[in-house]
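Worksheet: one structure, shown below.
Just so it is clear, none of the values below were taken in a lab; they were calculated from the coordinates. Since we're looking at a predicted model, the values are computed, not measured. In this analysis, Cβ positions are derived from the backbone assuming ideal geometry, glycine residues included, and neighbour counts consider all displayed protein chains.
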Amino acid sequence: MAMKTPGVYIVEKDAFPGSVVEVATAVPAFIGHTEKAILNGKSLLKKSVRISSLAEYISFFGEGPKTKFKFEKIKKTAPKSGPKAKKADEEKPAPEVETAEKVEGIDINSEKYLIAPQEKDYSFFNAIRLFFENGGGSCHIISVGDYETPYSMKLMSDGLAELEREQEPTIVVIPEVVKLDFNSCITMQQAVLKHCNKMKNRVAIVDIHDGYKARMPDFDPVDNFRGALGVNYLDYSMAYYPWLETNIVPDNAITYENVHKGSILSLVELLKSEMITPLAKEVSDLVAKHDQATKDGKEIDKEELGRIAKINARIAVHQTYLDQLSGEAKDVNTKGSGEKGAMTATDKADLNKALLQLSPGYKQVLTEIREQRNLLPPAAAMAGVFTRVDQEKGVWKAPANVSLSSVKCPAVDITHEEQEDLNVTPAGKSINAIRSFLGEGTLVWGARTLDGNSLDWRYIQVRRTIIMLEESIKLASRAYVFENNVANTWVTMKGMISNFLFSIWKRGGLAGTSPDSAYRVSVGLGETMTPTDILEGILRITVKVALVRPAEFIEITFQQQMQES
């Protein structure tokens, strides 16, 4: 301050160094297909949008699809018989016969039926719901297409490229990547790992392709994943096995409307065999009995005649239900008060309720559809777990030994012995297990990155804590860019970083009984810099921290001792 006029001048000086603000640690970014992507008439397609609730997601991106399922009986192909067929078999081996036992399906009334999505089964919305159910909060959504857009590695790559513009996300999840073929899925996951290594401020939670299947000698989804993923950037990623059987889709969300119109008549045949055929046979037997009584000149039982009438009335009611269902397949229905005779929502609900009460097979079909819709990979749920643990305990707490919400059970039951190969392997690609424990529910039972053989980056909390410390200090240090590279600046920055690390240590984020054993900040000429560094405008600061690691293996030794008294 220039003092040229006599008077009193006030000079205020800062007494304290600048402060480091801890960055957010659990802000996932999800990439996938949505029902819509629009806000105030403007498209949100392939744009990163920050939301904080499921309601906000629905307002921007809509809800889930009404996926239609194919339903058909699996026919057994009988082998040919006769002299010609025998001769042909001797000349040329017959192709393997496709029987019901060799095709995936479910058993209903001693018959095998195939139930599978008729079109693409978009699961992004259910993954987001699972994220919020498990403690999720603010996140970024990148929509790469609607429910008419086919799955494409190119679209997912475009969404990942858009994510490079965002600095806030700390977790990357692409729930629908497992919908691609195996090779495309692995290629996309490798791109995500490379993206995280490039950005240095986020990790990836990747899903295992076909992770709902058990590990078998002829097909092992875990070994396939490990063998194809490669060895690059593993410390920025973690994987979980198996997939989850959830209850995100409730019972009342699935009706006959989830059966494709081309399969409705097959469903009608199943219902007819349960609802009408047994009653028709009972009537036929009673009529035959009465006809025989008439021939024998015996008196006809009037109670049985009344019973025939009641059964015929029930058959008529049941047939009405089947006619309504058949009309739905043809978009023609005389029941209901809707336009052109179409069934109203109330009529459809009544029909569905009646069929559930009358047909065990119908209930079994809907249950199978619901279970398929509820089978989800675990990455989205784990993103929610990361958020919940960070908020309750801190990023330095391992996201393990916590229960999963809206999850019935893992798709594959893993034993203690089976987890040994998942957790510790010579290749180092550790897979975190999700297991069921009696009386405790479904728990996350692993806290390792895919770089399981690294002493530096073996644990998830270590990698994520370092990212938090690096980003927090990096952002705070920007205020000192172009400041004079002198002792005053060094002392100020050292004090700022030390104060931040002290607050982290007090909250349990660093190991050590004292601050000196928990962290060390070094800066200065002859300590971290040379005179040449100063001439070149380089200010070097060295930060060493003792990070907290989980007690993954607890050994309690018991030993007998001699009686002393």
By the mean-Cβ-within-10 Å protection proxy, highest first, 371-382, 137-148, 270-281 rank as 371-382, 137-148, 270-281
Hydrodynamic calc, region 357-474: Kirkwood Rh from Cα pairs, then Stokes-Einstein at 37 °C with viscosity 0.692 mPa s, so D in µm² s⁻¹ is 199 µm²/s
In degrees rounded to 10, the 0-90 angle between helix 360-374 Cα long axis and the longest Cα principal axis of the chain is 20 degrees
Taking alpha-carbon centroids only, region 229-289 lies from region 424-493 a number of Å equal to 43 Å
Amide H proximity to I38 below 5 Å, modelled H, separation 5+ or other chain, gives L44
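State whether region 11-52 is rounded, prolate or oblate according to the following rule on the C-alpha gyration tensor (a ≥ b ≥ c being the square roots of its eigenvalues): a/c under 1.5 gives rounded; otherwise a/b larger than b/c gives prolate, and the remaining case gives oblate.
prolate
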Which of [x] 42, 33, 19; [y] 64, 29, 24; [z] 36, 28, 23 is the computed semi-axes √(5λ) of the Cα gyration tensor in Å? It is [y]
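What order do you get for 164-176, 307-319, 484-496 when each peptide is scored by the mean count of other beta carbon atoms within 10 Å, highest first? All intermediate terms of the calculation are to be shown ahead of the outcome.
Details: 164-176: 20.7, 307-319: 13.5, 484-496: 15.1.
The peptides rank, most packed first, as 164-176, 484-496, 307-319.
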So the angle from the long Cα axis of helix 124-133 to the longest Cα principal axis of the chain, reported in degrees to the nearest 10, equals 60 degrees
For region 481-545, the percent of all C-alpha pairs falling in each 10 Å bin, from 0 up to the bin holding the max distance, is 21, 45, 25, 9
Note to self: C-alpha centroids of region 129-174 and region 540-558 sit apart, in Å, by 33 Å
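Using a simple charge model, +1 on the beta-carbon of Lys and Arg, -1 on the beta-carbon of Asp and Glu, nothing else, what dipole does the chain show about its Cα centre, in debye to the nearest 20?
Using Cβ point charges on Lys, Arg, Asp and Glu, the chain gives about 1020 debye.
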Of the listed pairs K179/K474; K46/K544; K13/K474, those with alpha carbons more than 29 Å apart are K179/K474; K46/K544
When the charge dipole of region 322-481 is computed with +1 on Lys and Arg Cβ and -1 on Asp and Glu Cβ about the Cα centre, the Cα farthest towards its positive end, among N453, T465, L356, belongs to T465
Per the Kirkwood formula over distinct C-alpha pairs, the hydrodynamic radius of region 421-523 in angstrom is 16.7 Å
Note to self: C-alpha centroids of region 1-69 and region 193-215 sit apart, in Å, by 25 Å
Rounded to the nearest 10, the angle in degrees between the Cα long axis of helix 460-477 and the longest principal axis of the Cα atoms of the chain comes to 50 degrees
Spelling it out for I171: with amide H atoms placed in the peptide plane at 1.01 Å from N, the residues 5 or more places away or on another chain with amide H under 5 Å from its amide H are V27, A29, V203
With the 8 Å Cα cutoff and a minimum separation of six or more residues, the chain has a relative contact order in percent of 18 percent
Given 410-416, 155-161, the highest-first ranking by average Cβ count within 10 Å works out to 155-161, 410-416
